[in-house]
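**Student:** Submitted below is the structure of interest, expressed as C-alpha cells.
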Amino acid sequence: VSVKAMNGSSEEEIVLLAASVEVASEHPLAAAIVNGAKERKITLLKATEFKSLTGRGITATVNGKKIALGNQQLLIDQNITADDVLKEVESLQQEGQTVMFLVADEKVIGLLGVSDPIKETSLEAIRDLEKEGVQVVMLTGDNRITAMAVAKKLGITQVEAGVLPERKNEVIKKLQSEGHIVAMAG
C-alpha cells in the first residue's frame, strides 16, 4: 500500500531489497511485497543467509548488504533505533496498515506498509454473527494501533493484538476454558 524511502534510498530500492529477501518466504505479507515488485516490473536479486524470525521478520544478505525486514520487535532484537520515523509509522498504522521496517547494514532505509483489504461482506457477516449471539473477537499478530483501526471499521470491540502464532492457540484454549465454544476464521 505504501513505500517510504529514507537515508538516501529510493522507493524502487526499498521494494527491490524487501522483495528479494521475501521471495523465499511463505508468509502472506511476503507475497504482498513480492507481488508489489512484480507490478513495478522489478527484477529481484539473489538473497543468501536467509533467516526467518517468527513474529518479528526476516534477515538475509543481498548484494553484500545485511538486510533485515520486519516489525519493531525485530529492530529491538537487533539493537537498531528508529525513533526518527515512529510518527510516520504510527500514522500508517492508524490507516490500518501493517508497517515493516527495512534495514540495510544496521540502518533503517525504508518502511513498507501493507494492508489486507476488508471484504465488502465482512461487516455484514460480523453483524449477522452478533445478531445470533456470537461474540466476535479479533485475534491478530498486528500491533494494537493497526488492529484497532481495522476493528473500528468492522465494529469489533474485543481485540487481542500482537499475538504471536504460538500464542494464538493459548488464547483459544483460555476462551474454551472459560466455557466458550470457539470457531476461528482467517
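**Student:** In the list Ile145, Ile118, which residue meets the criterion of being touching a helix residue (DSSP H, G or I) at 6+ places or on another chain (Cβ under 9 Å), under 27 Å from Ala68 (Cβ atoms), open to solvent by 40 Å² or more (accessible area, probe 1.4 Å) and outside any strand (DSSP E or B)? Give the derivation first.
**Tutor:** On the way: Ile118 fails: under 27 Å from Ala68 (Cβ atoms).
That would be Ile145, the only listed residue that is touching a helix residue (DSSP H, G or I) at 6+ places or on another chain (Cβ under 9 Å), under 27 Å from Ala68 (Cβ atoms), open to solvent by 40 Å² or more (accessible area, probe 1.4 Å) and outside any strand (DSSP E or B).
**Student:** Scan the stretch 56-77 residue by residue and report those that are over 24 Å from Ile118 (Cα atoms), open to solvent by less than 20 Å² (accessible area, probe 1.4 Å) and under 13 Å from the mean Cα position of the chain (by Cα).
**Tutor:** Residues satisfying the conditions are Ile58, Leu69, Leu74.
**Student:** Among the residues of the stretch 78-110, count how many are open to solvent by less than 80 Å² (accessible area, probe 1.4 Å) and closer than 16 Å to Arg56 by Cβ.
**Tutor:** Initial filter on the stretch 78-110 (open to solvent by less than 80 Å² (accessible area, probe 1.4 Å)): 78, 80, 82, 85-86, 88-89, 91-93, 96-104, 108-110.
Restricting the remaining residues to those that are closer than 16 Å to Arg56 by Cβ gives 78, 80, 82, 89, 98-103, 108.
So the count comes out to 11.
**Student:** Residue by residue through the stretch 146-181, note down the ones that are over 17 Å from the mean Cα position of the chain (by Cα) and of a type in the set (Asp, Glu). So that I can check it myself, show each step before the final result.
**Tutor:** Residues of the stretch 146-181 that are over 17 Å from the mean Cα position of the chain (by Cα), as a first pass: 152-158, 169-181.
Correct list: Glu170, Glu178.
**Student:** Take the residues in the stretch 131-142 that are part of a loop (DSSP other than H, G, I, E, B) and charged (D, E, K, R), then tell me which one is most open to solvent (accessible area, probe 1.4 Å).
**Tutor:** Of the stretch 131-142, the ones part of a loop (DSSP other than H, G, I, E, B) are 132-136, 140-142.
If we keep only those that are charged (D, E, K, R) as well, we get 132, 142.
Numbers: Glu132: 152, Asp142: 42 Å².
Out of the qualifying residues, it is Glu132.
**Student:** For the subset of the stretch 148-186 comprising residues that are on the phi > 0 side of the Ramachandran plot and open to solvent by less than 60 Å² (accessible area, probe 1.4 Å), which member is modelled with the highest pLDDT?
**Tutor:** So in the stretch 148-186, the residues on the phi > 0 side of the Ramachandran plot come out as 155, 162, 179.
Imposing the further condition that a residue be open to solvent by less than 60 Å² (accessible area, probe 1.4 Å) reduces the set to 155, 162.
On the way: Gly155: 91, Gly162: 85.
Taking the candidates together, the pick is Gly155.
**Student:** Quick one: what pairs do we get from the stretch 101-125, first residue without any contact (Cβ under 8 Å) to a residue 12 or more places away in the chain, second surrounded by 12 or more Cβ atoms within 10 Å (Cβ to Cβ) and not hydroxyl-bearing (Ser, Thr, Tyr), C-beta under 9 Å, 6+ apart or different chains?
**Tutor:** Lys119/Ala125
**Student:** Filter the stretch 28-41 for residues that are surrounded by fewer than 17 Cβ atoms within 10 Å (Cβ to Cβ) and in contact (Cβ under 8 Å) with a residue 24 or more places away in the chain and give the result.
**Tutor:** From the stretch 28-41, those surrounded by fewer than 17 Cβ atoms within 10 Å (Cβ to Cβ) are 28, 31, 35, 38-41; that's our starting set.
Result: Pro28, Arg40.
**Student:** Name the pairs: first residue in the stretch 1-18 and closer than 19 Å to Leu86 by Cβ, second residue assigned to a strand (DSSP E or B) and open to solvent by 60 Å² or more (accessible area, probe 1.4 Å), Cβ to Cβ under 9 Å, at least 6 apart or on different chains?
**Tutor:** Pairs that qualify, where the first residue is closer than 19 Å to Leu86 by Cβ and the partner is assigned to a strand (DSSP E or B) and open to solvent by 60 Å² or more (accessible area, probe 1.4 Å), are Asn7/Lys107; Ile14/Lys4.
**Student:** Still on this model: Could you tell me whether the stretch 13-24 includes any residue that is open to solvent by less than 50 Å² (accessible area, probe 1.4 Å), closer than 18 Å to Asn143 by Cβ and out of contact with any Ser or Thr (no Cβ under 8 Å at 6 or more places or on another chain)?
**Tutor:** Checked the stretch 13-24: no residue is open to solvent by less than 50 Å² (accessible area, probe 1.4 Å), closer than 18 Å to Asn143 by Cβ and out of contact with any Ser or Thr (no Cβ under 8 Å at 6 or more places or on another chain).
**Student:** Is there a residue being charged (D, E, K, R) and more than 27 Å from Val163 (Cα to Cα) anywhere in the stretch 17-24?
**Tutor:** First, the residues of the stretch 17-24 that are charged (D, E, K, R): 22.
Remaining after also requiring more than 27 Å from Val163 (Cα to Cα): none.
Within the stretch 17-24 (the criterion being charged (D, E, K, R) and more than 27 Å from Val163 (Cα to Cα)), the answer is no, since none of the residues qualifies.
The values are calculated or read from the model by the stated rules, or taken from the named source; none is laboratory data. All of these numbers come straight from a predicted model, not from anything done at the bench. Cβ sites come from the backbone with ideal geometry, for glycine too, and all protein chains shown count toward neighbours. Quick note on the areas: whole protein, heavy atoms, side chains included, nothing else; ligands and nucleic acids left out. Shrake-Rupley method; radii C 1.70, N 1.55, O 1.52, S 1.80 Å.
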